[in-house]
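This report refers to the structure that appears directly beneath it.
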Number of protein chains: 2
Amino acid sequence: MKAKITLKDIARELEVSISTVSKALKNSEEISRDTKEKVQAFAKLYNYKPNNIAISLKNKRTKNIGVVIPAIVHHFFTTVIRGIEKYANAHGYNVIVCLSEESFDKEVINMEMLANGSIDGFIMSLSSETQQKGDYNHLKEVTEQGIPVVLFDRITNEIDCDKVVIDDQLGAYMATKKLIDQGRRKIALITTDDYLSVSKARTQGYRKALQESDVDINESRILKLSTMEMDEERIQQFFDTNEVDAVLCVNEIFTVYSMRLVQEKGLDIPNDISFIGFTDGKLSRYANPSLTVVAQHGEKMGEISAQMLIDKVESEEEEESFQTKILEPTLVIRNSTIN
Amino acid sequence: MKAKITLKDIARELEVSISTVSKALKNSEEISRDTKEKVQAFAKLYNYKPNNIAISLKNKRTKNIGVVIPAIVHHFFTTVIRGIEKYANAHGYNVIVCLSEESFDKEVINMEMLANGSIDGFIMSLSSETQQKGDYNHLKEVTEQGIPVVLFDRITNEIDCDKVVIDDQLGAYMATKKLIDQGRRKIALITTDDYLSVSKARTQGYRKALQESDVDINESRILKLSTMEMDEERIQQFFDTNEVDAVLCVNEIFTVYSMRLVQEKGLDIPNDISFIGFTDGKLSRYANPSLTVVAQHGEKMGEISAQMLIDKVESEEEEESFQTKILEPTLVIRNSTIN
DNA sequence: TATTAACACGAAACCGTTTTCGTTTGATGC
DNA sequence: GCATCAAACGAAAACGGTTTCGTGTTAATA
């Protein structure tokens, strides 16, 4: 086991000072050709690599980005991470991922852990519990310390920071409109509780589309489920007691599960009933029939988030200007809707 | 913006030395009741939190775990990360995730980045390109530096370190046996190239089951695809030119896509043709029909990996003893097989 | 009264870098 | 022959902690 070699080791071996070694390795003009060559050769030979921790302590920059998200077994968040990773790595940053598992406490603990020097900034999406409580003090503390934060998808207006979202209302509007255009009138919405920022926006888009087309809004056709678990029974019951000819769901799972239920009832998708989901993941692509969805462009969202964060991290200026980037959702037409 | 407060700040403010503050906060017996209370109260008031970087530099431990995996948009890897996160967080560790994207170079770069002090140990699954090249020097270097490594799923025997795998051969064997027991004789295998350790083992299990039951092995019923992309055409062609009554696939995507193909041909699953896949993910659960799979227990695998790594990291002893943990796969019976 | 032990605290080294600010040496100018 | 200057290098502080080893004060003991 050959331990890591340090500047001090090189200095001792070559009988020069640590400063000389440091400068020589950086090709400083201060150091003579001879010495530089000697030092660099020695460093290469023993595979010297500077210690990141020491450098971090010195310049108070870690080159780490903290990502705090509610879950990872969701295709959407997975793609966002991928986008963050992609941009961050290309710019010399590592990504530290922490899962809040939709829990407020875990979110707070994770942030506190990371905020004590481990990271240069946060990219995060709020846990459902946090949005429910409406308690954002942990975010406030972090931003007050001068640590940049980028919120994506599940955001809040209570915190001044950069934000990236897709236009959820527009997405739901487009989807609903599409269903209406195809002659559907009894359009159901399967969503989660309104305290989730995205669900709220999507519900608004749904309502707006119906109103604009003078379709009556039947409240009993709106099903609100928990973010945490799939309540299969309530979905079953919903379809048992409601007559619908189209369904808009706020995620993949709700959609795919609902499709199976109505198929078991003998209904044909998309002829008897149409489906549109959110998130363009594998579930949607490989479902039977394949799913028409509102694509959220998670990877792009991740890239933009990382870019905004790194820009802030690397900008000297203290100017406190925050922007909110709104991405356009895209309707990906497949076989769960007509044509 | 209130900047982070340091020991030095507290010391200056309270007119004591830094050492006194440090000891007082650790409740050292050396310090008087009075001073301790004063210091602790002040620290609480100004929300003092020690700087992780400084501590890392001092004790040469970062409390970070580096995870290097080929991809994240695979349910299996996602669940492993979740398991690692769970165990690691519960033990005060953060998880730094790096994606190799199946690229050898990316894998090497990521490891080098992290090895320079950022992490205490690695948990990783090899990229397909690495397994293809058979070049494990980056792993060797890291282990020689004394950094603990745990390999999971995609492993190699060339490196001495802890390993966690499921018994892939057994998994494929069980699945194939199941199909044979149901009277299937023309069983296809859709897998990836043999250089992937897991694919090789699974192919062996498949062959073993057929041999034991005296079923002829028809090499044309074995389809080897690339790890990177879904070659839809080759799958289509495969089913056009082969007559099969059962299919074993090494991942979810291959299975689900294949099922759709044969369904479009008018075949009934599971009566005309049975399917078994690997990985018990959402795709399998919500496919139509739901998929019988060999469950890989990714989350458990992650937890065990994290446990093995943290044990090594925290053990003083230099004893070089490595173990390989082999998990038993489970056959989850659903509706893509009879009964 | 002199010695000593306990107590409470501070100085300083250390972790591995970077960087500023000397200092030494030899060469040059006048 | 002396001041000046550049070249080449080293000393030391700094980042923010931990920890070892004093050290001064007080009180108890001989």
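The values are calculated or read from the model by the stated rules, or taken from the named source; none is laboratory data. Note that this is a predicted model, so its numbers are computed, not measured. Neighbour counts are summed over all protein chains in view; Cβ atoms, including those assigned to glycine, are modelled from backbone coordinates with ideal geometry. Protein only, heavy atoms only, side chains kept; ligands, DNA and RNA dropped before computing areas. Shrake-Rupley method; radii C 1.70, N 1.55, O 1.52, S 1.80 Å.
Observations on the model:
- Some residue of region A:118-125 being in the same structural domain as residue A:156 (by TED's automatic domain parsing), open to solvent by less than 20 Å² (accessible area, probe 1.4 Å) and within 13 Å of DNA strand D (Cβ to nearest atom): yes
- Single residue of A:10, A:65 found to be touching a strand residue (DSSP E or B) at 6+ places or on another chain (Cβ under 9 Å), open to solvent by less than 60 Å² (accessible area, probe 1.4 Å) and not aromatic (Phe, Trp, Tyr): A:65
- Screening the candidates A:303, A:319 for the property of being within 14 Å of chain B (Cβ to nearest Cβ), open to solvent by 10 Å² or more (accessible area, probe 1.4 Å) and modelled with pLDDT under 95 yields one hit, A:319.
- Conditions (1) surrounded by fewer than 23 Cβ atoms within 10 Å (Cβ to Cβ); (2) within 10 Å of another protein chain (Cβ to nearest Cβ); number of the one not met by residue B:77: (1)
- Selected residue [closer than 14 Å to residue A:116 by Cα, within 10 Å of DNA strand D (Cβ to nearest atom) and not assigned by TED's automatic domain parsing to the domain that holds residue B:90] from B:55, B:18: B:55
- Neighbours by Cβ (under 7 Å, 6+ apart or cross-chain): first from region B:79-102, without any contact (Cβ under 8 Å) to a residue 24 or more places away in the chain and under 15 Å from residue B:311 (Cβ atoms); second in a strand (DSSP E or B) and open to solvent by 10 Å² or more (accessible area, probe 1.4 Å): none
- Qualifying helices (runs of 4 or more DSSP H) (wholly inside region B:225-335; at least 1 residues being in contact with a Cys (Cβ under 7 Å, 6 or more places away or on another chain)): B:252-264
- Any pair with Cβ under 7 angstrom, 6 or more apart, that starts in region A:21-39 at a residue that is within 14 Å of another protein chain (Cβ to nearest Cβ) and open to solvent by 70 Å² or more (accessible area, probe 1.4 Å) and ends at one that is within 10 Å of DNA strand C (Cβ to nearest atom) and of a type outside the set (Lys, Arg): none
- When residue A:179 is tested against (1) open to solvent by 10 Å² or more (accessible area, probe 1.4 Å); (2) out of contact with any Asp or Glu (no Cβ under 8 Å at 6 or more places or on another chain), only condition (1) is not met.
- Among the candidates B:88, B:188, residue that is in contact with a helix residue (DSSP H, G or I) (Cβ under 8 Å, 6 or more places away or on another chain), within 14 Å of another protein chain (Cβ to nearest Cβ) and either surrounded by 20 or more Cβ atoms within 10 Å (Cβ to Cβ) or under 30 Å from residue B:259 (Cα atoms) (or both): B:88
- Verdict on residue B:254 being out of contact with any Asp or Glu (no Cβ under 8 Å at 6 or more places or on another chain), buried (at least 19 other Cβ atoms within 10 Å of the Cβ) and within 11 Å of another protein chain (Cβ to nearest Cβ): yes
- When residue B:47 is tested against (1) among the polar types (S, T, N, Q); (2) more than 13 Å from every other protein chain (Cβ to nearest Cβ); (3) open to solvent by 50 Å² or more (accessible area, probe 1.4 Å), just one condition goes unmet, and that condition is (2).
- Neighbours by Cβ (under 8 Å, 6+ apart or cross-chain): first from region A:152-173, closer than 21 Å to residue A:71 by Cβ and at pLDDT below 95; second in a strand (DSSP E or B) and open to solvent by less than 10 Å² (accessible area, probe 1.4 Å): none
- Within region A:1-13, residues that are within 7 Å of DNA strand C (Cβ to nearest atom) sit with their Cβ atoms under 6 Å from residues that are assigned to a helix (DSSP H, G or I), at 6+ positions apart or across chains, in these pairs: A:7/A:18; A:7/A:21; A:7/A:22; A:8/A:18.
- Screening B:26, B:38 for residues that are touching a Leu at 6+ places or on another chain (Cβ under 8 Å) and of a type outside the set (Gly, Ala, Ser) leaves exactly one candidate, B:38.
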